[in-house]
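Enquirer: Pasting a structure below so you can have a look.
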Amino acid sequence: MKAAWVVFCIAWGLLLSGNSFAQVPEKGAKDITLNGGMQGKVPFPHHAHQTVISDCKTCHDTFPQKAGAIDEMKKAGTLKSKQVMNVLCVKCHREKKAANEKTGPLVCTQCHIK
């Protein structure tokens, strides 16, 4: 009986702790195409970024989780042109490169597609 109780407790503990090791669930569209202005559209692999950036607020403190939010904010004047690119995207990619970590593109034409 005692052995069964120990096995039960270990199994229960593993079951509960398994959730803490789970990957962040993917939310939103798998891939998004952002308006890149005159330089061309920017394909954005949303789910790939979610696996690297576990806290959605890293980006979504700047803009809401809503399709078209970036363009709406630019039009309203609450988001400056290139703010997302310079403050979020390129900054993060440069920091990862400096840390010798796998990163995304750093050259304009690697993101913007005409």
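Nothing in this text is a laboratory measurement; each read-out follows from the coordinates by a stated rule. Nothing here was measured: the structure is a model prediction, and the numbers come from that model. No Cβ is skipped: glycine too gets one built from the backbone with ideal geometry, and neighbour counts run over all protein chains shown.
Enquirer: Between residues in the range 89-102 that are over 20 Å from residue 34 (Cβ atoms) and residues that are part of a helix (DSSP H, G or I), which pairs lie under 8 Å by C-beta distance while being six or more apart or on different chains?
Expert: 102/96
Enquirer: Has the range 50-63 got at least one residue that is among the aliphatic types (A, V, I, L, M) and in contact with a helix residue (DSSP H, G or I) (Cβ under 9 Å, 6 or more places away or on another chain)? Give the steps one after another, and end with the answer.
Expert: In the first step, residues of the range 50-63 are kept if they are among the aliphatic types (A, V, I, L, M); the result is 52-53.
Subset that is in contact with a helix residue (DSSP H, G or I) (Cβ under 9 Å, 6 or more places away or on another chain): 52-53.
Scanning the range 50-63, I find at least one residue that is among the aliphatic types (A, V, I, L, M) and in contact with a helix residue (DSSP H, G or I) (Cβ under 9 Å, 6 or more places away or on another chain), so the answer is yes.
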